[in-house]
Amino acid sequence: MHQDSIRRSQRLNQITHAPHEQLDKAVKAHAPFETLASYSRFLSAQYLFQQELKALYSDPRLTALIADLPQRCRAEQAKADLHDLDAPVPAPVPGAVANVALAEALGWLFVSEGSKLGAAFLIKRAAALNLTESFGARHLGEPAGGRADGWKQFVRLLDELPLSEEQERQTDRGAVAAFERFNVLLQHAYTSAAAAEPA
């Protein structure tokens with residue numbers, strides 16, 4: 001299918017289908033909503049990912065295109081969630097996204113923003129652990145203006161941007177890299193927590 005015949009956001013969904021499925025399986029394998037200890041590890045990965053993307057959410061090149069971008073970042077909510085649960089704020093993990101081209105950054109943001117839709121299901125699971133949008137699961141809460149509207153607005157802006165063929169490839173690369181990075185952070189959060197537990 002020629003890429004001009006489908007919207008950019010549709011193409012990104014297609015090319016990230018496999019890494020997205022892989023990540024979903026990894027999350028399910030860790031069963032983050034079965035115990036508070038497991039959820040804390042999942043939250044640690046979420047915090048690390050959002051903290052790494054903080055620079056993109058405040059990048060002047062990107063805020064010039066998406067005015068409300070800084071307000072969309074969830075790093076502070078994830079940090080507050082960690083404090084709610086008396087969980088340590090994890091140290092940065094080497095390999096964070098840095099100095100990426102504008103188009104590649106858009107791919108990362110596409111994945112981060114898209115995850116807010118999935119968070120609607122996750123927060124229902126979190127309720128079983130007595131976590132809410134105001135305690136322990138703030139980062140999964142509904143964004144101001146609603147999930148669907150916020151996503152539609154982001155996608156509309158993304159789809160309308162004029163990008164060169166090379167920039168299209170960069171956007172694809174960024175989106176795939178974002179899923180791969182979250183997978184790395186997820187594994188790190190669970191293995192480092194396991195290593196810290198007494199034998």
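Points to keep in mind about this one:
- Pairs with Cβ under 6 Å, 6+ apart, first in the stretch 129-153 and without any contact (Cβ under 8 Å) to a residue 40 or more places away in the chain, second surrounded by 14 or more Cβ atoms within 10 Å (Cβ to Cβ): E133/G141; L140/A119; L140/L122; L140/I123; R147/K116
Results for (1) at pLDDT 95 or above; (2) among the charged types (D, E, K, R); (3) surrounded by 15 or more Cβ atoms within 10 Å (Cβ to Cβ); (4) in contact with a strand residue (DSSP E or B) (Cβ under 9 Å, 6 or more places away or on another chain), shown as yes or no for each residue.
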{"position": "F33", "(1), (2), (3), (4)": "yes, no, yes, no"}
{"position": "S38", "(1), (2), (3), (4)": "yes, no, yes, no"}
{"position": "L43", "(1), (2), (3), (4)": "yes, no, yes, yes"}
{"position": "Q46", "(1), (2), (3), (4)": "yes, no, yes, no"}
{"position": "E76", "(1), (2), (3), (4)": "yes, yes, no, no"}
{"position": "H83", "(1), (2), (3), (4)": "yes, no, no, no"}
{"position": "V89", "(1), (2), (3), (4)": "yes, no, no, no"}
{"position": "P94", "(1), (2), (3), (4)": "yes, no, no, no"}
{"position": "A98", "(1), (2), (3), (4)": "no, no, no, no"}
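- Here A31 fulfils each of the conditions (1) within 30 Å of A80 (Cβ to Cβ); (2) touching a residue at least 24 places away in the same chain (Cβ under 8 Å) apart from (2).
- Output for the stretch 2-43, where each listed residue is among the aromatic types (F, W, Y) and over 30 Å from P88 (Cα atoms): none
- Any hit, the stretch 50-66, residues being free of Cβ contacts under 8 Å to residues at least 40 places away in the same chain and at positive phi: no
- Some residue of the stretch 119-139 being touching a Lys or Arg at 6+ places or on another chain (Cβ under 6 Å) and modelled with pLDDT of 95 or more: yes
- Condition check for L56: farther than 15 Å from D81 by Cα, crowded, with 20+ Cβ neighbours inside 10 Å and either touching a strand residue (DSSP E or B) at 6+ places or on another chain (Cβ under 9 Å) or modelled with pLDDT of 95 or more (or both): yes
- Every condition in (1) of a type outside the set (S, T, Y); (2) modelled with pLDDT of 95 or more; (3) closer than 23 Å to R61 by Cβ is met by G150 except one, and the failing one is (2).
The values are calculated or read from the model by the stated rules, or taken from the named source; none is laboratory data. Nothing here was measured: the structure is a model prediction, and the numbers come from that model. Don't worry about glycine lacking a Cβ; one is built from the backbone with ideal geometry, like all the others, and counts go over all protein chains shown.
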